[in-house]
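Down below is the structure, laid out as structure tokens.
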Amino acid sequence: MSLQIVSPTGGIQPLLRAEGVSLEYGGTRATHDVSFDVYRGDRFVLLGPSGCGKSSLLKAAAGFIKPASGSIAINGAEVRGPGPDRIVVFQEFDQLPPWKTVKENVMFPLLMTKRVSRHEAAERAMHWIAKVGLGGFEDAHPHTLSGGMKQRVAIARALAMQPEMLLMDEPFAALDALTRRKMQEELGRLWEELRFTLLFVTHSIEEALVVGNRILLLSPHPGQVRAELNSHQFDLVSAGSAEFQAATQRIHGLLFGTDPAARCTLGRTGVPPGLRRDGGVAL
């Protein structure tokens, strides 16, 4: 198995396109001139050290932050604010209103956006509660659930909206190691079944390889693109293998400039594996 740098190619239109995005907070630049494409069905990971602006990029894609320069577009239309086509799952466990049951939490955004009737919202909620393995807990309140169970509710709530893209901001970072691994496995299982489009933020190289099929590497503050990589060949089964460990070390070198290939910054992404024709450049 080889790690591949994505080489530019064309022919397929991205679902999300970020072009030259620079983000600022109070005059401090968080990211500088970041460009990338996310295609339908991608598990696209933003990976970099703390403070590189990866969460800020996700929030900009969600419509919570306006770029200081550059643009982000969904289906060719510039993102100008939040919308039901992009649903975010955050790291914090308190993202669920504590006075609502599991079922009520999943129904809540469906009812607020008036996308479906109350009856249909209830049916859809029960469907997704079962999908994330929480059948029987629909009447429980968040304070009675573990951290992993709360994140399952947040994922069910997001998927019930049937968004164009699911955005996850370090959703498993606060979980213990065993629960984190289980949640990574569950996310992979859901993706295999549903093939939703995922934009995922992490500072863990191992998690990026397990979760993503494509990875954007960002430099330390301010975040700039170091490389874009294909990682579809790795999963939880391959974690711990010699190939996985070699990929981990290579990515570390690319991130922190200890690998000569880190000098090759690739801006526009290629077509995802399965759709590409050139196969990328093997490292």
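Computed from the coordinates by the stated procedures, all read-outs in this text should not be read as laboratory data. Keep in mind the model is a prediction, meaning the values are calculated, not measured. All Cβ positions, glycine included, derive from the backbone under ideal geometry; neighbour counts span all protein chains shown.
Quick notes on this one:
- When each of W128, W191, W99 is scored by the number of other beta-carbon atoms lying within 10 Å, the sequence from fewest to most is W99, W191, W128.
- Loop-located trypsin sites (Lys or Arg not before Pro) in the range 93-136 whose Cβ has at most 14 other Cβ within 10 Å (DSSP): K114
- Relative contact order computed over the chain (Cα-Cα under 8 Å; 6+ residues apart), in percent: 30 percent
- Ranked D169, D176, D33, criterion: other C-beta atoms within 10 Å, fewest first: D176, D33, D169
- Only helical runs count toward this figure. For the chain, summing -39,500 (n - 2.57) over DSSP H runs of n ≥ 4 and dividing by all residues gives -10000 deg cm²/dmol at 222 nm.
- For the range 213-253, the mean projected area of the C-alpha convex hull, equal to one quarter of the hull surface, is 3.0 nm².
- All Cα pairs of the chain, percent lying beyond 29 Å: 32 percent
- Proximal lysines relative to K131, as straight alpha-carbon distance under 24 Å, when same-chain residues fewer than 8 apart are discounted: K100, K103, K114, K150, K182
- Relative contact order of the range 89-175, pairs being alpha-carbon contacts under 8 Å that are 6 or more residues apart, as %: 47 percent
- Note on the chain: GNM, Cα springs under 10 Å; of T113, T248, T202, the largest mean-square fluctuation is that of T113.
- If the segment from F64 to S204 were pulled out straight at 0.36 nm per residue, it would be longer than the present Cα-Cα gap by 48.0 nm.
- Hydrodynamic radius by Kirkwood, which averages 1/r over all alpha carbon pairs of the range 92-162, in angstrom: 11.6 Å
- Comparing G240, G27, G257 in a Gaussian network model of the chain, where Cα atoms under 10 Å apart are tied by springs, the biggest mean-square fluctuation is seen for G27.
- Nearest-0.05 FRET efficiency for L178 and V116, computed from C-beta distance (R0 41 Å): 0.70
- Nearest 10 degrees, 0 to 90: helix 118-131 Cα axis against the chain principal axis: 60 degrees
- Whole-number Å³ per residue for the convex hull built on Cα positions in the range 1-135: 184 Å³
- Distance from the Cα centroid of the range 205-248 to that of the range 114-168 is 29 Å (rounded to whole angstrom).
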